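Just so it is clear, none of the values below were taken in a lab; they were calculated from the coordinates. These figures come from a predicted structure and were not determined experimentally. So basically every Cβ, Gly included, is an ideal-geometry build from the backbone, and we count neighbours across all protein chains shown.
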Amino acid sequence: MQDLLRQEIATAADTVVVKVGTRVLTDRAGLLDLERIGSLAAEVSELIAAGRRVALVSSGAVGAGMGRLQLTERPRDLAHLQAVAAIGQAHLVEAYDQALRQHGRHAAQVLLTAEDLDHRARYLNVRNTIVTLMQYGAVPIINENDTVAVDELLTTFGDNDRLAAMVTNLLRAPLLVLLSDVAGLYDGDPDDSASNLIPTVTELDESVMRLDCGESHDNADRRLSKGGMTSKLEAARMATAAGENVIIADGHTPGVLAKIVAGETIGTLFVAQGQSIQSRKRWIGFTAHPRGTLVLDAGACQALVEQGRSLLAIGITRCEGEFDKGDVVAIRNQDGEEIARGLTNYSAAEVLRIQGLKTSEIREVLSHCPYDEVVHRDNLMITA
């Protein structure tokens with residue numbers, strides 16, 4: 001049954017987003033492994049030749065820069081990190097381009113910041129650019145713009161996992177492949193012989209999210225990559241919640257991409273949860289950064305999650321943050337758990353005045369009532 005499911009997923013995957021981690025691309029010394037990049041380029045080229053579209057989200061800029069500068073330790077301050085990333089990014093893309101040219105293809109560098117995907121117009125422009133590159137037969141090499149980003153470089157390893165999930169939702173790609181240096185998700189420590197690889201996850205619930213599995217067989221590497229599997233599970237949650245499938249697999253396995261698209265049982269498959277969600281709601285629910293928070297009572301939470309209703313002012317008990325009409329807001333229950341995100345029809349100042357009121361009472365307070373709903377269900381994405 002699992003083989004059949006994987007074959008069905010592989011057959012439907014006309015677009016594949018592949019994320020490759022730093023330790024897949026570098027050797028023990030932290031230097032860029034050109035032979036591995038050559039193998040990866042050959043595999044990606046084979047997928048494209050078979051009629052699939054492929055986008056590559058690649059880590060490794062800092063590692064490549066460290067190799068070029070012959071550094072033995074990763075810089076800790078932001079300025080040096082950004083400088084090393086800038087040097088390494090040029091080396092990384094050059095290596096991809098040289099490897100892909102052997103197969104008659106080109107590498108196309110696409111550097112993004114969170115702000116690029118936070119604004120709807122820029123988000124769509126990024127999508128159009130990547131799709132056009134694919135039409136030319138080029139391979140988009142996507143990475144965070146570490147040279148200008150501030151927060152991203154200071155967080156734990158795995159930021160590009162989240163970026164890969166965003167790109168998957170951006171392109172509505174049926175399959176996201178996360179290549180790591182671990183064979184997949186285990187039910188325990190991968191170093192423990194008693195631990196077992198989990199071949200398929202049909203429901204990414206809290207019991208799965210709590211699995212504490214390291215990514216490396218080296219204690220020092222594990223310290224540097226704390227939270228690596230956690231970020232991959234979060235990426236899988238984002239993509240599967242939007243209706244796409246995710247596979248975590250060992251990037252060092254020869255022909256790993258060919259085996260995946262052939263439907264072979266390799267790595268861990270995270271099965272899509274429900275039907276594919278429209279692009280606009282993906283952006284609302286999983287990409288745009290919420291500008292504020294609306295806290296609801298139990299009845300309003302039930303109306304949104306279980307009955308598919310719009311959010312009315314009467315169900316709001318608290319409003320946090322500063323936001324304007326049209327901004328994305330997070331919607332939480334009384335316990336602080338996020339249940340949805342949506343585009344608000346009212347500013348924070350207006351919501352503070354009308355929260356808890358019936359719709360018929362809004363006009364008396366604001367002198368006008370342009371919308372019955374604070375968030376219409378067409379502009380709302382359930383994230384719980």
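General remarks:
- Charge-dipole axis of the chain as Lys and Arg at +1 and Asp and Glu at -1 on Cβ define it, positive-most pick from HIS80, LEU112, ALA165: LEU112
- Beta bridges per DSSP, both residues in the chain: antiparallel share near 40 percent.
- Residues whose amide H comes within less than 5 Å of that of VAL201, counting only those at least five positions distant or on another chain, are LEU269, PHE270, VAL271 (H built at 1.01 Å from N in the peptide plane).
- Packing order of peptides 195-203, 375-383, highest average first: 375-383, 195-203 (average count of other Cβ atoms within 10 Å over each peptide's residues).
- Answer label, with Cα extents along the principal axes in Å calculated from the coordinates and candidates (i) 70, 50, 42; (ii) 85, 46, 36; (iii) 59, 57, 38: (i)
- Lys, Arg +1 and Asp, Glu -1 on Cβ, resulting dipole of the chain about Cα centre, debye, nearest 20: 1000
- Each of ILE248, GLY184, ALA42 was placed along the dipole of the chain (beta-carbon charges, centred on the mean Cα), and the one lying farthest toward the positive end is ALA42.
- Nearest-ten-degree value, helix 120-135 long axis tilted from longest Cα axis of the chain: 30
- Evaluating 6.51 cos²θ - 1.76 cosθ + 1.60 at θ = phi - 60° for every residue in region 34-40, the Karplus couplings come out as 5, 5, 5, 5, x, 5, 5 Hz, glycine and proline recorded as x.
- Degrees, to the nearest 10: 2-12 long Cα axis against longest axis of the chain: 80
- In Hz, Karplus ³J(HN,Hα) per residue of region 280-287 (6.51, -1.76, 1.60; θ = phi - 60°; x = Gly, Pro): 4, 6, 4, 5, 5, x, 10, 10
- Between the listed residues GLN334, VAL131, GLN7, the Cα displaced farthest toward the positive end of the dipole of the chain, a dipole computed from Cβ unit charges relative to the Cα centre, is found at VAL131.
- Counting only Cβ charges, +1 for Lys and Arg and -1 for Asp and Glu, the dipole size of region 268-384 around its Cα centre is about 300 debye.
- Taking Cα centre as origin and charging only the Cβ of basic (Lys, Arg, +1) and acidic (Asp, Glu, -1) residues, the dipole magnitude of region 1-120 rounds to 100 debye.
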